[in-house]
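A short worksheet on the structure shown next.
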Amino acid sequence: MDVYDEDEIRRAVTRADALAAVERAFAALARGEAVLPEPMGLHLPEVEGEVHVKGGWLRGGPVFAFKVASGFYRNRERGLPTGSGLFLVFDAATGVPRALLQDNGWLTEMRTGAAGALAARLLTPDRPLTVAMIGSGVQARFQLRALAEVRSVRGLRAWSRNPEHVRAYLDEVGPELEELEDAVAAETVEEAVRGADLVVTVTPSREPIVEARWVEPGATVVAVGSDGPGKCELAPDLVAGADRVVVDRRDQSLRLGELQRPVSSGLMTVADVHAELGEVLIGRRPGREDDRERVVCDLTGVGVQDVAIAETAWRRLAGEGEVA
């Protein structure tokens, strides 16, 4: 079994690779060409930690994979990254381990950012956008950089509970956006969200932080942070009252994502979900059809994303050629 470290993986896999892998993953999921076990989650509230185990196989692919990704939010106080993890890649014909990818969570961050960019490409108008970024951690950076691959960012308004983190975020990512006209450190979530074309939430919140009345007609909300029982970033009436609700996977969003509260409170049912993201991607269901529609997209993180990006990394590192 080959072992690859984070530096090798970072050199091998680009944002374009991640976007291509995520598109391939969601298309396979929508076509019924993926084999997925249920994701496993471990919550350690005493230390503000969480662990996710996801994986599976894309039918016909040479490998299957599993990843372990963790988020320990007190690590900032220790001078350590909040996220870590690794991937195990196996031969799909024999079950023999082929590679250990010691990415320290980097591939998970990449594929999550790529999924947000895919949602933006499919669900926002094709024009320069004003973006509200709710959260200013590592994934907020991955989301914005991936978004810049598919849309121009004209305005950026960022908010988090720590104003210093927001200023550091804007100082880092602002100069990377060629068409950016203004960048604002918002004092409140409402200030960030009002007037935004695209709202991206990337927090570990367990209480709603984005209210329906702040989201303008025509806006798209991409919720990324809710990936476990009890997590919630969006007010239930925002989800239930959206003109279109798109999820990465219906059953996961119901158990782990933004469908938890509106469904349990009776504001909507799973049948009210317009589409899964892969269904929009392959043209089975339409995406946005009207410039005034409010669209909510919930991304809980699906194992197909992990398999696809793990295969991409393995092919590049092991010299196994491109994905067919």
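Numbers at a glance
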item	result
Helix axis angle, 106-123 relative to the chain longest principal axis, alpha carbon, degrees	50 degrees
Nearest-ten-degree value, helix 163-173 long axis tilted from longest Cα axis of the chain	60 degrees
Spin-label proximity, H43 to segment 207-250 - amide N less than 11 Å from point 7 Å beyond Cα toward beta carbon	207, 227-232
Distant alpha-carbon pairs in segment 1-100 (separation over 18 angstrom), percent	60 percent
Alpha-carbon centroids, segment 9-26 and segment 269-295: separation in whole Å	24 Å
Segment 70-135 and segment 208-256: distance between their alpha carbon centers, rounded to Å	20 Å
By average C-beta atoms within 10 angstrom, highest first, the peptides 269-280, 123-134	123-134, 269-280
Gain on full stretching of the segment that runs from E191 to S265 - 0.36 nm per residue minus C-alpha separation	23.9 nm
The chain: calculated mean residue ellipticity at 222 nm from DSSP helix runs of at least 4, using -39500 (n - 2.57)	-9500 deg cm²/dmol
Rounded to 10°, Cα long-axis angle of helix 15-30 versus longest principal axis of the chain	90 degrees
Relative contact order of the chain, pairs being alpha-carbon contacts under 8 Å that are 6 or more residues apart, as %	20 percent
Long-range amide H partners of G85 with built H, under 5 Å	S70, N104, G105
Rule-of-thumb Rg ratio for segment 164-213 [Cα; 2.2 N^0.38 Å; N residues]	1.26
Square roots of 5 times each gyration tensor eigenvalue, C-alpha, the chain, largest first, Å	29, 22, 20
Spherically averaged projected area of segment 115-302 from its Cα convex hull (nm²)	9.3 nm²
Only Lys, Arg (+1) and Asp, Glu (-1) charged, at Cβ; the chain dipole about Cα centre in debye	480 debye
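Taken together, the values in this text are just the output of simple stated rules run on the coordinates, not laboratory data. Since the model is a prediction, treat every value here as computed from it, not as a measurement. Ideal geometry is used to build each Cβ from the backbone, glycine not excepted, and the neighbour counts take in all protein chains shown.
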